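The values are calculated or read from the model by the stated rules, or taken from the named source; none is laboratory data. It should be emphasised that the depicted structure is a prediction, and the values quoted were computed from it without experimental measurement. Backbone-built Cβ (ideal geometry, glycine too); neighbour counts: all protein chains shown. Note: accessible area is taken over every heavy atom of the protein model, side chains too, but ligands, DNA and RNA are not part of it. Shrake-Rupley method; radii C 1.70, N 1.55, O 1.52, S 1.80 Å.
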Amino acid sequence: MIAVADELDVLRIVKEDVLEALGRKNGRTPLDSMELEVAAPQHVIAKAIRELEEEGLIKVSTEEGSGRKYIQLTEKGRAKADAIVKKHSILEKYFKERREGEEAVKITNILEHYIPTEAAYTIRKLSALKKKGVPLTEFKNRECLIADINLDGRLFERLISMGLYPGEKLRIVKRLPNTIIVEVKGKKLALDKNIAERIEVVEYEDS
């Protein structure tokens with residue numbers, strides 16, 4: 001779970017995790033199995049499932065005789081779940097080429113909830129082109145794409161929550177002795193040099 005997420009963000013993440021888990025299955029799934037597949041408290045999972053059903057993304061049914069509850073994706077839910085699974089696959093493939101196994105999985109599980117679909121497809125292009133990033137502190141031009149962030153823990157999660165993530169366009173506004181001012185999605189951020197040098201970027205090509 002994301003350390004910097006607020007209550008609403010946690011619920012959104014859990015809903016996506018439920019859809020992803022269902023998206024990897026065919027047919028209906030025992031409701032109680034979600035507690036094993038989604039890393040969240042039972043009451044949060046229950047709320048997520050209620051909201052997903054209200055949104056028409058899943059259907060909850062009760063088996064006659066046993067009384068056991070099952071959930072399955074609706075047609076609308078299947079389309080959304082498939083998109084989530086595809087995004088996860090793109091990110092996991094990309095980071096497994098750059099990091100160790102467990103670290104790649106951990107980063108994927110964080111990023112998939114913050115990176116928009118278009119950024120994931122940009123990452124897939126970067127993977128296909130085998131582009132190598134350079135530290136932001138060494139990049140000479142103004143506009144670039146973030147290729148990777150070589151940080152972990154809460155600092156990594158914090159940058160992601162601020163909009164700094166692989167596949168996102170970044171513009172260098174000003175260089176100071178120990179700080180780089182950048183702009184992401186119209187928002188200016190001041191990055192300490194020690195952090196900026198851990199952010200890998202590549203040349204931005206407008207297509």
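Checked against the criteria, ILE84 counts as at pLDDT 90 or above, aliphatic (A, V, I, L, M) and either within 10 Å of the chain's Cα centre (by Cα) or on the phi < 0 side of the Ramachandran plot (or both).
Taking segment 103-117, which residues are in a helix (DSSP H, G or I) and either among the hydrophobic types (A, V, I, L, M, F, W, C) or within 15 Å of LYS80 (Cα to Cα) (or both)? Across segment 103-117, the qualifying residues are ALA104, VAL105, ILE107, ILE110, LEU111, THR117. Considering only residues of segment 136-163 that are open to solvent by less than 70 Å² (accessible area, probe 1.4 Å), more than 20 Å from PRO116 (Cα to Cα) and in a helix (DSSP H, G or I), which is modelled with the lowest pLDDT? Only one residue tops the list, namely GLY153.
Got a sec? Which of THR122, THR117, THR62 is on the phi < 0 side of the Ramachandran plot, polar (S, T, N, Q) and modelled with pLDDT of 90 or more? Matching residue, one of THR122, THR117, THR62: THR62.
Within segment 119-145, the set of residues being under 22 Å from the mean Cα position of the chain (by Cα) and of a type in the set (S, T, N, Q) comprises THR122, SER127.
Among the conditions (1) closer than 22 Å to ILE115 by Cα; (2) open to solvent by 20 Å² or more (accessible area, probe 1.4 Å); (3) touching a strand residue (DSSP E or B) at 6+ places or on another chain (Cβ under 7 Å), ARG28 misses just one, which is (1).
Residue by residue, here is whether (1) under 27 Å from GLY133 (Cβ atoms); (2) of a type outside the set (A, V, I, L, M, F, W, C); (3) modelled with pLDDT under 90 holds:
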| position | (1), (2), (3) |
| --- | --- |
| ARG12 | no, yes, no |
| GLU16 | no, yes, no |
| GLY27 | no, yes, yes |
| ILE58 | no, no, no |
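All of (1) open to solvent by less than 40 Å² (accessible area, probe 1.4 Å); (2) among the acidic types (Asp, Glu); (3) farther than 21 Å from ILE160 by Cβ hold for ASP9 with one exception: (3). Filtered by the rule that a residue be open to solvent by 40 Å² or more (accessible area, probe 1.4 Å), in a loop (DSSP other than H, G, I, E, B) and within 15 Å of ARG12 (Cα to Cα), segment 31-66 gives ALA39, PRO41, GLU55. Just give me the residues in segment 111-126 being of a type outside the set (Val, Ile, Thr) and buried (at least 17 other Cβ atoms within 10 Å of the Cβ), in sequence order. Selection gives LEU111, GLU112, HIS113, TYR114, ALA119, ALA120, ARG124, LEU126. Being assigned to a helix (DSSP H, G or I) and of a type in the set (Phe, Trp, Tyr) is a property that TYR94 has. Look at (1) under 30 Å from LYS132 (Cα atoms); (2) out of contact with any Gly (no Cβ under 6 Å at 6 or more places or on another chain); (3) in contact (Cβ under 8 Å) with a residue 40 or more places away in the chain and you find that GLU97 fails only one, number (3).
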